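What follows is a short report on a single structure.
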Amino acid sequence: MKRILSILTVMVLTASLSAPAFAGNDDRRGTAGATELLINPWARSSSWGGVNTSCARGIDAFFSNIAGLSFVEKTEFVYTNTMLYGGRNGLSSGASINAFGLALRLGDAGVLGAYVATMGFGDLFVTTVESPEPGSNGTISPTYMNLNVAYSYSFTNSIHGGAVLKVISESTDNVSATGVAIDAGIQYQTGENDELKFGISLKNIGPALAFSGTGMAFTMNNAAGNAMTVEFRSAEMELPTLLNIGISYDFLFEKWNQRLTIAGTFTSNAFLRDNFGLGFEYSLLDRFQARAAYVYQKGMFTPDDRTSNSAGLSAGGSVIFPFGKEGKTSLSLDYAYRSSYTLRGSHSIGATFKF
């Protein structure tokens, strides 16, 4: 395993050096499938826009940089519910994400983690050319699900790496698509108190997806009057591959055990325009945390030139309740808000239990 992670580290570093060639061209933008992989399901990292590539810690690191999973001390469990783009009051009826994550420390340097995220859209009306009126053909309930298994390892006190294997599923009652992908990431920290951190993560590398199922077929009569079944072939969809490069710095203050972390991340998207994000996290007494960030994407202020709904302002915070012997066990209540230019904002509410 140690050798495998070393190879992945070299791969991520090589990808970072070729970032300009990695980014997609204008002809490819918006053509990727499984774009739910670009939505952060966790409240903590969502509250500062996912710009914590270099300083992600715990299960939240699954989305930002899996190398941060190696900082789990013993056992960590996280649940987050996200009301996506306004939830039932937004454009999508009942659009939401539920994510459950568990991480366990194995030995002195390794951490094994897994999480499952399900994305639902509520009941959608079925309409056809012959029956275009909503409600006349019943409803369907599309569901997206991502299953992730990861291993993270601390090579030294300064260098940490990890990898994720994810299974992607998108389905309705009669059409579905299934695929696999991998993520890899590394983090490096230095300074007297490890206050300076760097991070690189490569995400969503895998084969293309294609839909199949009985919903891709219909029955018709040929010229001789015989019934025959005709099946459409779904075009393949490439995964939304991206590369994150981030840096952060911790400003530490002894009074009231305060910390101010400033973080920035550049995201090179293969099928979207590149993002630049800057954010901060303020911690007081290791009990209260506040976060905010802003992610910029070219053309985001011009409606006719806007290509993504994922940029803009995000904010949130956490309240941490320690208990047990020496306060090693804790429960954190987390909240995040993400703004949107064309849809309503998204709200994430979660809990992190460390024991």
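The values are calculated or read from the model by the stated rules, or taken from the named source; none is laboratory data. Remember, it's a predicted structure, so these values are computed and weren't measured experimentally. In this analysis, Cβ positions are derived from the backbone assuming ideal geometry, glycine residues included, and neighbour counts consider all displayed protein chains. The accessibility values were calculated without ligands, DNA or RNA, using every heavy atom of the protein model including side chains. Shrake-Rupley method; radii C 1.70, N 1.55, O 1.52, S 1.80 Å.
Tabulated data for the structure shown
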item: Residue among T219, T214, T190 that is surrounded by fewer than 16 Cβ atoms within 10 Å (Cβ to Cβ) and closer than 30 Å to P322 by Cα; result: T190
item: Among (1) buried (at least 19 other Cβ atoms within 10 Å of the Cβ); (2) within 18 Å of the chain's Cα centre (by Cα); (3) not aromatic (F, W, Y), the one test that L278 misses; result: (1)
item: Residue check for T214: free of Cβ contacts under 8 Å to residues at least 40 places away in the same chain and not small (G, A, S); result: no
item: Within the stretch 117-154, considering residues that are in contact (Cβ under 8 Å) with a residue 60 or more places away in the chain and either closer than 20 Å to N40 by Cα or out of contact with any Ser or Thr (no Cβ under 8 Å at 6 or more places or on another chain) (or both), the one most open to solvent (accessible area, probe 1.4 Å); result: Y144
item: Residue in the stretch 159-174 that is under 30 Å from L260 (Cα atoms), out of contact with any Leu (no Cβ under 7 Å at 6 or more places or on another chain) and not hydrophobic (A, V, I, L, M, F, W, C) present; result: yes
item: Count of the stretch 319-355 residues which are over 22 Å from the mean Cα position of the chain (by Cα), under 26 Å from L260 (Cβ atoms) and surrounded by 14 or more Cβ atoms within 10 Å (Cβ to Cβ); result: 4
item: Enumeration of residues in the stretch 190-199 that are of a type outside the set (D, E, K, R) and in contact with a Leu (Cβ under 7 Å, 6 or more places away or on another chain); result: T190, N193
item: Residues of the stretch 299-318 satisfying the condition of being part of a loop (DSSP other than H, G, I, E, B) and surrounded by 15 or more Cβ atoms within 10 Å (Cβ to Cβ); result: M300, R306, T307, S308, N309, S310, A311
item: Residue, modelled with the lowest pLDDT, within the stretch 160-178, restricted to residues that are in a strand (DSSP E or B), open to solvent by 50 Å² or more (accessible area, probe 1.4 Å) and farther than 14 Å from L69 by Cβ; result: T178
item: Count of the stretch 193-252 residues which are under 30 Å from A163 (Cα atoms) and either of a type in the set (S, T, N, Q) or in contact with a His (Cβ under 7 Å, 6 or more places away or on another chain) (or both); result: 7
